[in-house]
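One structure is given here, and the rest of the page talks about it.
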């Protein structure tokens, strides 16, 4: 599994995004070029306003209408094999930061997961609910109590697991987690991170992990890209980024974010299979 | 002011302002253009519109000049609409501020009274009040204010509740300002803007209520009103429908003008607030 | 069930307070009105000065205001609204005779305005800023500016006078022997214009609320999340955006019932529908204040009942209601 595919899943060339209003423009992107390989785990780190979330949204095709995008995002596997663009939900799973806001407050959890399966896997509602049950077990939630529950009846961690189940419902090739654990408290955060790690390994999905937490990135990713003010200032193997950062920004970022408690993590080899 | 230019940049807002200016011109020039009593006989009865130069909109059942009545009716509509709206905003702001600032039992009682006023159909209450007090301009204005103050009261209370805990109110308490002085000199002015945002809806509602009261014969009998004209025309609806239709069109334009201008102001100020 | 019943109990207590205030209010208006119940009785039955004095004493009208208020409440507690001057009959009987027509008119107008209004609101709100959206929102604003009674007159001129398709007024053909379905069809023909006149005004309100509500829901994160999951646009519009935006409209349904009862006064007068609203106008014309107060009290009770029903419906439609009272 650590043998990341040689094939390129997404090829981003000279990607720039700008917003019309001044206030949002700090989250813009300037000339990003980057490949995400099949099955690899790539972390994007940066401060808030570095454009890392905009990057994630751009790849998923979720930029707001006011955003202007130039450059290209190509999916080599798609254009050759299927002659079509990847579809959100089916080919790209997206997990958002705030699990309370990313689930419809008045629709039962089971239905929100089942509707993804119904949409992309062409299942009937009963089949889709059966699929949702399996997915909930995979994210270690009890299907019997979670399927009929509404978001407000769940804890933050439970909601994020349910949102992950919905994101992987149709078996995407790429899972994007945009600050997916930063709204959770530390213990729950660790659980959700290892859940994501396990799911990615089991399904062979590529993972784009967007975070401001360099320790988390170091634990999860094979490669790390560092964003600053809309530009990618550094990209490399996790170990290289952590131990011998070339860019001053990465250095200050590392020193600012790594406390004594997370230091031991950095000593571990990145990218190897660790679970099990 | 970017607000003014934004207001003028919207076609709806311009249309609304033009209508309101025309209306104001009608109301102000009524006495100059038609100095004689609009209720006096001016020509043959039931003259259709566009037949006679001096009576361009024809005459009613009693031979009164419809155009003169229309101009004088604009006066009544505008006067009653503005006076009733001002009265209901004032009552609403007063009750809401008192309830929100006093809190406790006082708040509870005032809000139940507000509930009671919202439970009784406003138009029925206005009807009852005018029928008991006798049809006069003051009675009509009071009746409409009685049926329309609850909305402003609720909004004023909600505003006051949020302002009450702010620092400058606490410091006013510390320097020993009288509670009533704090409530009405420090809090009320800051609670007013959202209450005033309701004014277009209230003015429009007041104009429509006045028309309905006059239509039922409860307007001031010594004044020409559009509602009264419609009621007059109703008796000859089969032979001369224009007598009901003309003042009705004037009413529709007036209310529409108020709404459009109100929406324009709301949008212009909302955008300005959003930017700052 | 417990969730809804706790809510209902709390609302019921509040409603009792509100009703008490309304009763005191109508009592004050009755006091302010020239003449009292004895004048009313004398006017309807005739009687000399001695009898009037005697009645005034017997009915306690020479007592203090507080005593009179107590006896007013006491009679109301027996569901006795007093005697109508204009009809020389118990007010309760007159009102109950007219109530069904008003309920039918209001119910149909509510169904029309809510159903069509929210449907058009979905059409407008499905694509905010589109041509359809702008057209519908300006059109609804124009509609909202139309006085209901005038719309009624215009409908009469067009459909009853010129085209002669529909009857000019009333609730059914007088002295008709129709029964069952034929009678229902006859009533429907009579009510079509008044229901349209009453319903169209509020249609604009629901349309605008639905549209504004949807615009707000579109900006929510969970809609972005649904888009990220690749849910079809049609399903996002109906199952997520419209579903969420519909909830405040249901609350509005209760608040709007009082307005609509007021609106039916004029509409019933225009179309000569023998309902509660027309009765109110008749009471005003006949200076029958006790009858008018009876109508106000009945309307208040009706509005309270409708609001309770709406609250119960809301509790079932919004899973978040009462969540703080101990769900899993």
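What the table below lists for this structure:
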read-out	value
Spacing of the two label points (7 Å from each Cα toward its C-beta) at residue B:236 and residue C:320, in nm	5.9 nm
Helix-only [θ]222 nm of the protein assembly as shown, DSSP H runs n ≥ 4, -39500 (n - 2.57) each, per residue, nearest 500	-20000 deg cm²/dmol
Folded to 0 to 90 degrees: helix A:125-138 orientation relative to chain A principal axis, Cα	50 degrees
Theoretical FRET efficiency, 1/(1+(r/R0)^6), r = Cβ-Cβ of residue C:232 and residue A:202, R0 25 Å, to 0.05	0.30
Backbone N within the stretch C:65-97 under 18 Å of label point (7 Å from residue C:32 Cα along the Cβ vector)	C:65-66, C:69
Taking A:118, A:52 and counting other C-beta atoms within 10 Å, the order from fewest to most	A:118, A:52
Residue C:312 versus residue B:40: modelled label distance in nm, points set 7 Å from Cα along the beta carbon direction	6.4 nm
Rg and Dmax of the stretch C:224-328, Cα atoms only, in Å	20.8, 66
Cα principal axis extents for the protein assembly as shown, largest first, Å	110, 74, 67
Proxy reagent accessibility, fewest Cβ within 10 Å first, across C:216, A:234	C:216, A:234
Cβ-derived FRET efficiency at R0 60 Å, residue B:21 paired with residue A:74, nearest 0.05	0.55
Over chain A, equivalent-ellipsoid semi-axes from the Cα gyration tensor in Å	29, 22, 19
Column: log10 I(q)/I(0), Debye, Cα scatterers of chain C, q = 0.12 Å⁻¹	-0.99
Full-stretch length increase - residue B:180, residue B:108 - with 0.36 nm per residue and alpha-carbon distance subtracted	24.1 nm
Rough spin-label spacing in nm, given labels placed 7 Å along Cα→Cβ, for residue C:174 and residue A:186	8.7 nm
Cβ-based exposure ranking for B:26, C:214, in which fewest neighbours within 10 Å come first	B:26, C:214
FRET efficiency, 1/(1 + (r/R0)^6) with R0 35 Å, evaluated for residue B:138 and residue B:61 via beta carbons	0.75
The stretch C:82-177 - convex hull of alpha carbons, volume per residue in Å³	178 Å³
Crossing angle, helix C:91-126 versus chain C [Cα axis fit, 0-90 degrees, rounded to tens]	20 degrees
Rounded tilt (10° steps) of B:199-215 against the dominant C-alpha axis of chain B	40 degrees
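Just so you know, all these numbers are worked out from the coordinates, no wet-lab data involved. Keep in mind the model is a prediction, meaning the values are calculated, not measured. Cβ coordinates were reconstructed from backbone atoms using ideal geometry, including for glycine residues, and neighbour counts include every protein chain displayed.
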